[in-house]
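*Asks:* Sharing a structure below in structure tokens format, with a few things to ask.
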Amino acid sequence: MNTTLWRFIPFIGVLAAGAVHGHHGWSEYDGSNTLNLKGVIREAGYEHPHGHLQFETPGKTWLVVLAPPSRMTARGLPASDLKVGTKAEVVGYANRKKPEEMRAERITIGGKTVELR
């Protein structure tokens with residue numbers, strides 16, 4: 001077997017471990033308590049592994065974890081819809097350990113609802 005290939009196997013393992021470590025499991029979120037939030041997008045990210053929003057609601061600003069960009073695009077939520085200052089409604093679940101974070105199941109912007117999960 002080619003010895004050059006064997007030199008790269010440890011490097012590939014380190015990359016894979018980093019990718020798995022960076023992804024959080026959905027058990028971190030309390031699926032028994034649905035949040036229905038209305039607010040304004042203050043910041044948006046449309047990157048892997050998940051998009052995100054800084055979402056301002058009356059009395060609190062949330063970090064909203066969205067779906068991966070490929071899923072959002074496929075379901076009709078392009079990055080251009082997530083403009084700062086846009087009003088939106090987000091339905092999802094709070095993080096069990098981070099009270100300022102939630103996972104979005106769906107988002108409504110401009111009368112259009114997109115299922116994210």
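*Asks:* So if each residue of separation counts as 0.36 nm, and I subtract the Cα-Cα distance between Glu28 and Arg42, what length gain in nm does that give?
*Replies:* Using 0.36 nm per residue and subtracting the Cα-Cα distance, I get 2.6 nm.
*Asks:* Next question. Under a plain spin-label model, where a point goes 7 Å from the Cα along Cα-to-Cβ, how far apart in nm are Lys60 and Glu100?
*Replies:* It works out to 1.3 nm between the two label points.
*Asks:* Classify segment 25-115 from the C-alpha gyration tensor, please: rounded if a/c falls under 1.5, else prolate or oblate depending on whether a/b exceeds b/c.
*Replies:* oblate
Every number in this text was worked out from the coordinates using simple rules, so none of it is lab data. Just so you know, these numbers come straight off a predicted model, no measurement behind them. All Cβ positions, glycine included, derive from the backbone under ideal geometry; neighbour counts span all protein chains shown.
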